[in-house]
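Asker: The structure follows.
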Amino acid sequence: MSSQIQKIAIYALSALFVLWGVSRIITGYLSNKNQWTAEDKEHLKKMCIDDVGGRAVRFAKETEEYCSCFSESITNGFSKVEYQYIKAQNEKEQNEEFLPVILECYNDYQKAMFDKTTLD
């Protein structure tokens with residue numbers, strides 16, 4: 001009888017160990033999906049440049065600086081999951097969430113474009 005109890009205990013411990021290992025793998029995978037990568041930051045920067053449109057041509061250096069600032073501000077201000085959640089909302093709600101985070105970048109961009117225009 002004690003041999004059966006020992007076998008059951010060993011199987012139970014083995015099952016718990018396997019479940020613990022699987023949960024660690026899943027947790028690690030999910031937490032990595034929430035981390036910003038260099039590729040993500042570059043993608044945000046390219047999207048920003050595309051969104052700026054014609055100003056990206058006339059104010060290339062200023063746009064590059066703005067979009068770098070934008071990308072850094074977003075990735076420092078939000079987790080990847082938070083960003084994706086906000087992007088799924090309507091434009092007004094997105095602006096309410098993103099604007100406070102990127103406001104300094106945007107103001108610097110506006111000033112840089114103004115300064116360049118007045119120098120031309």
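Asker: Taking a point 7 angstrom from the Cα of ARG55 along the C-beta vector, which residues in the stretch 67-103 have backbone N less than 13 Å away?
Answerer: 67-68, 70, 103
Asker: Here is a further query. What's the whole-number percent of alpha carbon pairs in the stretch 38-119 lying beyond 23 angstrom?
Answerer: Of all Cα-Cα pairs in the stretch 38-119, 21 percent lie more than 23 Å apart.
Asker: Would you mind calculating the gained length between GLU82 and LYS46 on full extension (0.36 nm times residue separation, minus the Cα-Cα distance), in nm to one decimal? Walk me through the numbers on the way to the answer.
Answerer: Working: separation 36, 0.36 × 36 = 12.96 nm, distance 1.98 nm.
Residue separation times 0.36 nm, minus the Cα-Cα distance, leaves 11.0 nm.
Asker: Now for a different question. Taking 1 over the mean of 1/r across every pair of different Cα atoms in the stretch 69-116, what Kirkwood radius in Å do you get?
Answerer: For the stretch 69-116, inverting the mean 1/r across all distinct Cα pairs yields 11.5 Å.
Asker: Give me the extension gain from THR37 to LYS111: residue separation times 0.36 nm, minus the current Cα-Cα distance, reported in nm with one decimal.
Answerer: Values: separation 74, 0.36 × 74 = 26.64 nm, distance 2.99 nm.
Extending this stretch completely gives an extra 23.7 nm.
Values in this text are rule-based calculations from the coordinates and carry no lab data. Keep in mind that what you see is a predicted model, and the values were worked out from it rather than measured. Neighbour counts run over all protein chains shown; Cβ positions are idealised from the backbone, glycine included.
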